[in-house]
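Scroll down for the structure; my scribbles are underneath it.
The values are calculated or read from the model by the stated rules, or taken from the named source; none is laboratory data. Please read these numbers as outputs of a predicted model, since none were measured by experiment. A quick note on method: Cβ atoms are made from the backbone with ideal geometry, for glycine too, and the neighbour counts reach across all protein chains shown. In case anyone asks, the SASA skips ligands and DNA or RNA and just uses the protein heavy atoms, side chains included. Shrake-Rupley method; radii C 1.70, N 1.55, O 1.52, S 1.80 Å.
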Amino acid sequence: MTATESYQRTLSKFERYLELADIDNEVEQLKKEDVTGFLGACENAGEKRSSVILRLAVLKKFFGWLKVEKLIPENPLSEIPIPKDTKRVPRFV
């Protein structure tokens, strides 16, 4: 999967979450709690930690872009750090 496909998949999934949760999906109205609720729903659905971290990174970039383009006044995710994913120890044969 390409980075573009990953971004599209995350944004589409976030949009579906907002619709199912009956949250206004106008970007100017979205809050940090809307995103953290989405990430929590992803965890509850059994997504791997690395996938949830990737989704957070995608959404942070998206909201950052919206701010740069002056489509929103502030990035609601600017203060949320992206956690480091635990490194797996390689297995040797």
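A few notes on this one:
- Qualifying residue in region 69-88 (condition: more than 14 Å from the chain's Cα centre (by Cα), surrounded by 15 or more Cβ atoms within 10 Å (Cβ to Cβ) and not hydroxyl-bearing (Ser, Thr, Tyr)): yes
- Test: residue in region 37-52 that is open to solvent by less than 80 Å² (accessible area, probe 1.4 Å), within 15 Å of residue 81 (Cβ to Cβ) and in a helix (DSSP H, G or I): yes
- Yes/no for residue 6 being part of a helix (DSSP H, G or I), open to solvent by less than 40 Å² (accessible area, probe 1.4 Å), at pLDDT below 95 and not acidic (Asp, Glu): yes
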